[in-house]
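Enquirer: I have a structure here, written as structure tokens, and I will follow up with some questions on it.
The values are calculated or read from the model by the stated rules, or taken from the named source; none is laboratory data. Predicted model only: the values in this text are computed from it and were never measured. Neighbour counts are summed over all protein chains in view; Cβ atoms, including those assigned to glycine, are modelled from backbone coordinates with ideal geometry. Quick note on the areas: whole protein, heavy atoms, side chains included, nothing else; ligands and nucleic acids left out. Shrake-Rupley method; radii C 1.70, N 1.55, O 1.52, S 1.80 Å.
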Amino acid sequence: MHYLEPIARFWPLFAAGFELLACLLASAHVLLNKSDTRAATLWIGFIWLLPLLGPVLYLVLGVNRIRRRAVSLGVHGTFRRPGPDDLGDPEQAGAEHLQYLARVVSRLVAQPLAAGNRIEPLVNGDEAFPAMLAAIEAAKRSISLCTYIFDNDASGAKFVAALERAVRRRVPVRVLIDAAGARYSWPPITHRLRRAKIPCARFLPASLFTPWRVATINLRNHRKSLIVDGQVAFTGGMNIRQGNMISETPPRPVQDLHFRVTGPVVAELQAAFVNDWAFTTREVLDGEIWFPELSEAGEVVARVIMDGPDSDFEKLRLTLLAALAEAQTSVQILTPYFLPDITLISALNLAALRGVRVDIVLPGKNNLPFVHRASRAMWWQVLERGCRIWLTPPPFDHSKLMIVDGHWVLFGSANWDARSLRLNFEMDVEGYGRAFAQEMERVIAKKISTAREVTQVEMDARPLPARLRDAATRLFSPYL
């Protein structure tokens, strides 16, 4: 066909022009948006050395920011904001310096500190799930549930059944599950939720075969919250899966921590869910059934800290740096995934060099072997400056907790890795109060009592092939 001859003759030029344009546009985006010089250099190298594949890889893995507008929420009622010297209880000797930490976080986030909260730890699914299910059964006005993983297993079935009964009682229910997390079990729990007529949605469904969704394939909503009647909340790092029920000896047991929260800060947790739900479904939840009047319930001064690849970018990372800078006596970190960047490593080391006792508690056997190897390749960088690393025995510990100077506590969904601090949508709560912090210190002390301490000598004595393997794995730490 003679009319195809011009196309056949010039298609190599069209392809080359398209490839050149793609490389130029991708490189321009890297230069304007990547603050890390090394990452920018690496991406530009990929883009130009891998024709066409380079720009596609950058679109999928490198473009991590999305734009979304926060919903303007009318939170009903008022609550007491603490004064500059009120950080949780009258016994503040040795904690006055944490006023500066509170000031830093106040400049980072929109949420204010709220006084008068009660925060109770719930250990493993054995404590958390019955409490959450009981709250759902007692719900009268509203239920909002956000989770990363919601497995279609025995525990997941109990939650679906409780939510279905709430729907039958005509309680408004909304369930938000991360699109990637929903695929951890098959068939996904969303099928069961829809059959039960429970309103549910998947956060940021992405596909390599849908062009407008490719750029979000690496972004995940890692937040976990359950808010019942707008008055009691459950949040932390626990997913909904049978593995958390340690007492029932599941095949893949997982230790974890969750928290029951009452008091004014519950409104901030609800606002976080409402924003995510509106972003996903375009439905705005408002009114007193979602935001009722809240009374003080305890002594903890608390605030929600949102983080994600949007307008909340790096707020948790900056909070961690501020907390490490203000620490004077002790820093305790409990995390399943420890892959800090060089700035966080320097902050940990500087704290240790100032004489602060820095304890980092990690699982002895990780559920992700590649992450464990990459993490192990970094341990020497903190051990050599005086930080201490402890490895807890099985089962795998997914708990996330940070305590500074026996007064400030940070808990929630975020890990100490690039995925949590740069890619995921995360939600943590900071709490000021000596009694609460001491309770959390006892949790960490119990874990350390059965843990094994790692030494620099032990790390140096490891065989060279093992060290090389771990060091090579560490190169991929931003994507693990």
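Enquirer: Considering the convex hull of the alpha carbon atoms of region 242-311, report its projected area averaged over all viewing directions, in nm², one decimal.
Expert: One quarter of the hull surface, i.e. the mean projection, equals 7.8 nm².
Enquirer: Treating the Cα atoms of region 124-203 as identical point scatterers in vacuum, please give the log10 of the normalised Debye intensity I(q)/I(0) at q = 0.15, 0.17, 0.25 Å⁻¹, two decimals.
Expert: -0.47, -0.61, -1.31
Enquirer: Scaled to the compact-protein estimate 2.2 N^0.38 Å, what is the alpha-carbon radius of gyration of the chain, rounded to two decimal places?
Expert: 1.03
Enquirer: Ratio to report: Rg/Rh of region 168-301, with Cα atoms as the point set and Rh obtained by the Kirkwood method; give two decimals.
Expert: Ratio of gyration radius to Kirkwood radius: 0.99.
Enquirer: If we restrict to alpha carbons, what Rg and Dmax does region 109-158 come to, in Å?
Expert: 14.2, 39
Enquirer: Give me the three principal axis extents of region 374-430 from the C-alpha atoms, as integers in angstrom, largest value leading.
Expert: 31, 29, 26
Enquirer: On a full-extension model of 0.36 nm per residue, what is the gain between Ala28 and Asp126, subtracting their alpha-carbon distance, rounded to one decimal in nm?
Expert: Stretched fully, the Ala28-Asp126 segment lengthens by 30.2 nm.
Enquirer: When the helix-only estimate is applied to the chain (DSSP H runs of n ≥ 4, each -39,500 (n - 2.57), divided by the residue count), what is the mean residue ellipticity at 222 nm, nearest 500 deg cm²/dmol?
Expert: -11500 deg cm²/dmol
Enquirer: Express the accessible area of the chain per residue in Å², computed with a 1.4 Å probe while the remaining protein chains stay in the model.
Expert: Result: 45 Å² per residue.
Enquirer: Please quote Rg/Rh for region 325-418 to two decimal places, taking the Kirkwood radius as Rh and restricting both calculations to Cα atoms.
Expert: With Rh from the inverse mean 1/r over Cα pairs, Rg/Rh is 0.94.
Enquirer: Per residue of region 154-168, what does 6.51 cos²θ - 1.76 cosθ + 1.60 with θ = phi - 60° give for ³J(HN,Hα)? Whole Hz please, x for Gly and Pro, Karplus curve as stated.
Expert: Listing the rounded values in order: 4, 5, x, 5, 5, 5, 4, 5, 5, 5, 5, 5, 5, 4, 5 Hz.
Enquirer: If the viscosity is 0.692 mPa s and the temperature 37 °C, what Stokes-Einstein diffusion coefficient in µm²/s follows for region 268-384 when Rh is the Kirkwood radius over Cα pairs?
Expert: It diffuses with D of about 187 µm²/s by this estimate.
Enquirer: Arrange the peptides 172-185, 221-234, 447-460, 310-323 so that the one whose residues have, on average, the most other Cβ atoms within 10 Å appears first.
Expert: Peptide ranking by packing, descending: 221-234, 172-185, 310-323, 447-460.
Enquirer: Roughly how many Å² of His191 are accessible to a 1.4 Å probe, to the nearest 10?
Expert: About 80 Å², ignoring ligands and nucleic acids.
Enquirer: Amide H of Ser399: which non-local residues (sequence gap of 5 or more, or other chain) have their own amide H closer than 5 Å, using H built in the peptide plane?
Expert: Residues meeting the amide H criterion: Leu257.
Enquirer: Taking 8 Å as the Cα distance limit and 6 or more residues as the minimum spacing, I'd like the relative contact order of the chain as a percentage.
Expert: 17
Enquirer: By DSSP, what percent of the beta bridges with both residues in the chain are antiparallel, rounded to the nearest 5?
Expert: In the chain, approximately 65 percent of DSSP beta bridges are antiparallel ones.
Enquirer: Over the chain, what percent of the accessible surface lies on carbon and sulfur atoms, probe 1.4 Å?
Expert: 59
Enquirer: Whole-Hz Karplus ³J(HN,Hα) for region 315-330, in order, using 6.51 cos²θ - 1.76 cosθ + 1.60 and θ = phi - 60°, x for Gly and Pro?
Expert: Along region 315-330, the couplings run 5, 5, 4, 5, 5, 4, 5, 5, 5, 5, 5, 8, 4, 10, 10, 8 Hz.
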